[in-house]
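The values are calculated or read from the model by the stated rules, or taken from the named source; none is laboratory data. Predicted, not measured: the structure shown is a model, and the values here were computed from it. In this analysis, Cβ positions are derived from the backbone assuming ideal geometry, glycine residues included, and neighbour counts consider all displayed protein chains. All accessible areas refer to the heavy atoms of the entire protein, side chains included, with ligands and DNA or RNA removed. Shrake-Rupley method; radii C 1.70, N 1.55, O 1.52, S 1.80 Å.
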Amino acid sequence: MLFYEGLHYIGDELAKRCDDVNIVYGFRHPTTLNLSESSQVFDLYRDSEDEDYIKMSVALWVRDDNPDLDSGYAKLAELERRFFDAIQAINEELWALQGEGLFIADNVQLLTIEVGTTAGATESLWPSFGSETKLNLRIYKHREVSNG
């Protein structure tokens, strides 16, 4: 299944651009992340896949012990800005390939990353602040040609 290659490609690229953010895989409840005041997390997990897309979610997590919730939301907003900037940079590299795409598996090219909805994570409970963004990785599967 291609979801594994897609998750790890995005995780590796995010790690290069946001090297102070912890990358984890598989849906995690924020209480299992051992968040500290200074930690930030991108949690990548699978949604679905079909012929044209690998669909995934990325949960972003921060912790802020300040009882003024605005402080935690400000930290989360900054992490979201960095996340979206990183996704934009990855897309710009893909677009620079001018349709050639980037192979993430045998005969499978990643063409672009489409950003879906972003919502507050339902597991958010002070002092943990989180959001979840849907990503759709547009792929092209090359068919092997038989020389019959």
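In table form, for the structure just shown:
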quantity: Conditions (1) open to solvent by less than 80 Å² (accessible area, probe 1.4 Å); (2) within 26 Å of Pro67 (Cβ to Cβ); (3) in contact with a Leu (Cβ under 9 Å, 6 or more places away or on another chain): number failed by Thr31; calculated: (1)
quantity: Complete set of residues in the range 1-14 that are assigned to a helix (DSSP H, G or I) and either loosely packed, with under 15 Cβ neighbours inside 10 Å or of a type outside the set (Gly, Ala, Ser) (or both); calculated: Phe3, Tyr4, Glu5, Leu7, His8, Tyr9, Ile10, Asp12, Glu13, Leu14
quantity: Filter result for Ala105 (hydrophobic (A, V, I, L, M, F, W, C) and modelled with pLDDT of 90 or more); calculated: no
quantity: Of all residues making up the range 78-127, the number that are touching a residue at least 24 places away in the same chain (Cβ under 8 Å), part of a loop (DSSP other than H, G, I, E, B) and within 14 Å of Val58 (Cα to Cα); calculated: 2
quantity: One residue from Glu78, Glu114 being out of contact with any Phe, Trp or Tyr (no Cβ under 9 Å at 6 or more places or on another chain) and open to solvent by 50 Å² or more (accessible area, probe 1.4 Å); calculated: Glu78
quantity: Flag for Ser124 being under 19 Å from Glu37 (Cβ atoms), in contact with a Pro (Cβ under 9 Å, 6 or more places away or on another chain), among the small types (Gly, Ala, Ser) and open to solvent by 40 Å² or more (accessible area, probe 1.4 Å); calculated: yes
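Results for (1) buried (at least 19 other Cβ atoms within 10 Å of the Cβ); (2) at pLDDT 95 or above, shown as yes or no for each residue.
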site: Val24; (1), (2): no, yes
site: Ser36; (1), (2): no, no
site: Asp43; (1), (2): yes, yes
site: Ser57; (1), (2): no, yes
